[in-house]
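The values are calculated or read from the model by the stated rules, or taken from the named source; none is laboratory data. Given the structure is predicted, the values throughout are model-derived calculations rather than measurements. Because the Cβ atoms are built from the backbone with ideal geometry, glycine has one as well, and the counts that use them run over all protein chains shown.
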Amino acid sequence: MRIYSGIQPTGCLTIGNYIGAVKNWLELQKENECLFAIANQHAMTVKQVPQELRERTYSFFAQFLACGLDPEKSILYVQSNVPQHSELCWILSCLTYIGELERMTQFKDKSHKNEDNINAGLLTYPVLMAADILLFATDLVPVGKDQKQHLELARDIAIRFNNRYGETFVVPEPYIAKQGAKITSLQNPLEKMSKSDKDQNATVSIIDPPDLIMKKFKRAVTDSDNRIVFSEDKPGISNLLSIYSAFSGESIESAERRFEGKGYGDFKITVGEAVADALRPVQEKYAIYMADKAELDRIMKEGAEKASHIAFRTLRKVKKKIGFVAD
Ligand code: ATP
Ligand code: LTN
């Protein structure tokens, strides 16, 4: 199967992104044809400092590699290096209704959070995402729960195009893992852990040093009844159990049994240690990649060339169907 997903280079890659996205990608790359992109054009919908955006793009790319995404098995690239994304985006935007875009939860959230910068890109963001996916005849899109609505729109756009111009696009399916689809903030367990959160204690980055990881888990907001069980009325503890399970490999049920009768303090330390231990090898590899920008450039270029090759063919087909003259 063809798999496609992306991450915006904003903030720092969090353990939420790792559990909700990257960890699933690692499994999928074993047996499928995968493309994973750094969605830097999507990141532009909120204000960026150019030099920081460039640095973060390298950093995210190095984190992809350090986590185990393998350029020999998957196509890893930076969105802006493949111009067909913007080209298809324009075409698809003429098949998308403003009403559909205004209904998107993320648009409403982000407009609310960036009242001084409600730009057109914030609204058309899902069209670019649809272009990303449809360019590569994607069957399956592994994302966290928050992206489900965008994916449904991508499906609607693909179906609309196919109905109007004849069978062209593969209609993609979402792939949302049951566990870990929504890791929440360590400071507000009712809200998604978001890599652009301004509160440093709310998120754990995959490149945070071990002592900082421990400190953040020790400060995690929980409740006061001291029972370590997974339940809807205990969002903080349930979140910590999900994180622990994702990093230790132990099931939530088994962890609940093991922590029975233990205090929250000990539990938080165990969760922090499991996360820090699992991330240690990732951080070592990250440092090696970051020390060799030329190698990162080489892998990025190779990925973009492979992606462009596929994208070019899709776009040629699309242009023919919609009545553009051959170039
Ligand atoms: P931002 O705060 O900049 O909006 P984000 O943390 O929401 O960023 P994205 O780049 O939007 O991250 O998402 C990258 C991938 O990680 C997506 O598949 C998304 O669904 C997933 N993801 C993001 N946050 C979480 C989370 N808290 N739990 C599980 N998956 C997540
Ligand atoms: N909008 C996504 C990132 C993203 C993406 C994609 C995910 C950009 N293009 C294509 C899947 C497929 C997000 O997670 N915020």
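Things worth noting here:
- Scanning the range 8-49 for residues that are of a type in the set (Lys, Arg), modelled with pLDDT under 95 and more than 17 Å from PHE61 (Cα to Cα) yields one hit, LYS47.
To keep it simple, each residue is scored yes or no on (1) over 17 Å from ARG313 (Cβ atoms); (2) of a type in the set (Lys, Arg); (3) within 13 Å of ligand 1 (Cβ to nearest atom); (4) surrounded by 16 or more Cβ atoms within 10 Å (Cβ to Cβ).
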| residue | (1), (2), (3), (4) |
| --- | --- |
| ALA130 | yes, no, no, yes |
| PHE136 | no, no, no, yes |
| VAL143 | yes, no, yes, yes |
| ASP146 | yes, no, yes, yes |
| ARG155 | yes, yes, no, yes |
| PHE169 | no, no, no, yes |
| ALA177 | yes, no, yes, yes |
| ALA181 | yes, no, yes, yes |
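- Within the range 106-128, the set of residues being within 12 Å of ligand 1 (Cβ to nearest atom), assigned to a helix (DSSP H, G or I) and more than 18 Å from the chain's Cα centre (by Cα) comprises just one member, LYS113.
- Segments classed as helices (runs of 4 or more DSSP H), wholly inside the range 207-324, with at least 3 members that are within 23 Å of ALA177 (Cβ to Cβ): 235-248, 252-258, 264-290
- Only one entry of LYS234, LYS285, LYS218, LYS268 meets the criterion of being touching a residue at least 40 places away in the same chain (Cβ under 8 Å), among the charged types (D, E, K, R) and crowded, with 18+ Cβ neighbours inside 10 Å, and that entry is LYS268.
- Candidates are the residues of the range 74-105 that are part of a helix (DSSP H, G or I) and in contact with a Phe, Trp or Tyr (Cβ under 7 Å, 6 or more places away or on another chain); the one that is farthest from ligand 1 (Cβ to nearest atom) is GLN84.
- A count restricted to the range 15-56 and to residues that are assigned to a strand (DSSP E or B) and within 12 Å of ligand 2 (Cβ to nearest atom) stands at 5.
- When the range 95-112 is limited to residues that are of a type in the set (S, T, N, Q) and farther than 17 Å from MET44 by Cα, the one that is surrounded by the fewest Cβ atoms within 10 Å (Cβ to Cβ) turns out to be THR105.
- Selection count, the range 1-55, where residues are touching a helix residue (DSSP H, G or I) at 6+ places or on another chain (Cβ under 8 Å), hydroxyl-bearing (Ser, Thr, Tyr) and within 21 Å of ALA177 (Cα to Cα): 3
- Identity of the residue in the range 1-23, surrounded by fewer than 22 Cβ atoms within 10 Å (Cβ to Cβ) and over 17 Å from ILE38 (Cβ atoms), that ends up nearest to ligand 1 (Cβ to nearest atom): LYS23
- When PHE169, PHE161 are screened for being over 16 Å from the mean Cα position of the chain (by Cα), of a type outside the set (Gly, Ala, Ser), under 27 Å from GLU33 (Cβ atoms) and in a loop (DSSP other than H, G, I, E, B), only PHE169 passes.
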